[in-house]
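Inspection log for the structure reproduced underneath, given as structure tokens.
The values are calculated or read from the model by the stated rules, or taken from the named source; none is laboratory data. Because the structure is predicted, anything quoted here is derived from the model rather than measured. Cβ: placed from backbone, ideal geometry, glycine included. Neighbour counts: every protein chain shown. Heavy atoms of the whole protein, side chains included, go into the accessibility calculation; ligands, DNA and RNA do not. Shrake-Rupley method; radii C 1.70, N 1.55, O 1.52, S 1.80 Å.
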Amino acid sequence: MSSVVLATAGYDHTIRFWEATSGICYRTLQYADSQVNKLEITAEKQYVAAAGNSQVRLFEVNSNDPQPVMSYDGHAGNVTAVGFQKDSKWMYTGGEDGTVRVWDLRTPGCQREYGSRAAVNTVVLHPNQGELISGDQTGHIRVWDLTANACSCELVPEVGTAVRSLTVALDGSMIVAGNNHGTCYVWRMLRGTTLTTHFEPLHKLRAHSSHVLKCLISPDVQQLATTSSDKTVKLWNLDGFGLDRTLTGHTRWVWDAVFSVDAAYLVTASSDATARLWDLGSGEAIRTYSGHHKAIVCCALNDSAIDA
């Protein structure tokens with residue numbers, strides 16, 4: 001069994017699995033329903049979730065079965081976010097229909113639904129596993145308290161400017177929101193006497209001159225990666241927010257990025273129909289994954305030491 005699971009997907013209606021080091025595609029899944037907007041791999045590397053237009057399909061990672069093991073229907077329009085609780089007991093999604101949803105992986109129905117009043121572009125799970133945080137098309141960031149089953153906090157960093165991507169530090173210390181104007185807003189996350197998270201403004205980063213499509217805090221909480229419609233990926237130092245490195249090579253929009261578990265490498269996905277593996281020490285693309293026929297808009301990587 002591969003200890004590294006790397007998958008990409010997009011507008012050619014396929015999900016491709018790659019040998020990370022050689023760049024060889026060893027499995028292709030057809031996703032007949034629509035394009036694939038987002039991918040996520042479970043912590044134990046058993047399943048990959050693919051979010052499309054109105055549905056999420058769950059596939060087995062180590063299988064030759066081309067059919068999904070489970071389908072989750074209920075969203076209207078594109079599902080724009082998908083992720084898992086740390087023990088893979090449940091999955092969360094967000095969509096253009098303005099809802100954030102929670103699904104039990106063992107049953108096809110939606111267990112919970114939260115209304116955002118605008119198209120949801122991004123959803124992340126707080127490391128405490130008790131709060132979902134969503135960002136929407138009108139610029140609202142909302143914290144959904146899963147214990148209280150309600151919205152516990154609301155932020156609007158820039159009125160009317162879509163929040164495109166959210167990322168939370170693995171230690172729960174920081175959250176970053178990237179928006180359509182190329183700006184990243186950074187907050188410290190504080191937990192008071194109550195269990196509700198509070199946001200303390202820390203920094204406003206002019207990351208790109210056009211859309212930030214993805215922002216991601218590294219697993220070691222040392223760097224922030226931002227991808228953009230300007231075709232570049234930038235790495236920022238979280239101690240002072242200086243620019244460490246700009247990764248250039250993609251020829252179209254860069255939609256998604258994911259760090260290796262040791263934060264030494266980054267995988268990116270682009271409209272140029274390639275994904276790339278970057279050595280962050282040198283800033284060089286050391287592997288290009290070619291085979292998709294249209295834009296790649298999402299990538300997923302699990303290279304953790306935990307094997308199924």
(request) For region 142-184, evaluate the Debye formula with one uniform point scatterer on each Cα (no solvent term) and list log10 I(q)/I(0) at q = 0.19, 0.22 Å⁻¹, rounded to two decimals. (result) -0.69, -0.86
(request) Could you do me a favour and compute the accessible area per residue for the chain, 1.4 Å probe, result in Å²? (result) 40
(request) Mind computing the radius of gyration and Dmax over the alpha-carbon atoms of the chain? Å is fine for both. (result) 17.8, 52
(message) Mean-square fluctuation check for the chain, GNM, Cα pairs under 10 Å: which of Asp97, Asp262, Asp244 is largest?
(response) Asp262
(request) Would you mind working out the magnitude of the charge dipole of the chain relative to its Cα centre, with +1 at each Lys and Arg C-beta and -1 at each Asp and Glu C-beta, to the nearest 20 Debye? (result) 440
(request) Along Cα→Cβ, 7 Å out, is where each label goes; now give me the distance between the ones at Asp244 and Leu190 in nm to one decimal. (result) 2.7
(message) So for the chain, averaging the separation of alpha carbon pairs under 8 Å that are six or more residues apart and normalising by length, what relative contact order in percent results?
(response) 14
(request) Just the number, please: carbon plus sulfur as a percent of the accessible area of the chain, 1.4 Å probe, no ligands or DNA/RNA counted. (result) 49
(message) For a quick check of understanding: with a 1.4 angstrom probe and all protein chains in place, what accessible area in square angstrom does Val123 have, to the nearest ten?
(response) 10
(message) Ratio of alpha-carbon Rg to the 2.2 N^0.38 Å globular estimate for region 1-158, to two decimals, please.
(response) 1.05
(message) Below 15 angstrom from the Cβ of Arg252, what's the summed charge of the other residues (Lys, Arg +1; Asp, Glu -1)?
(response) 0
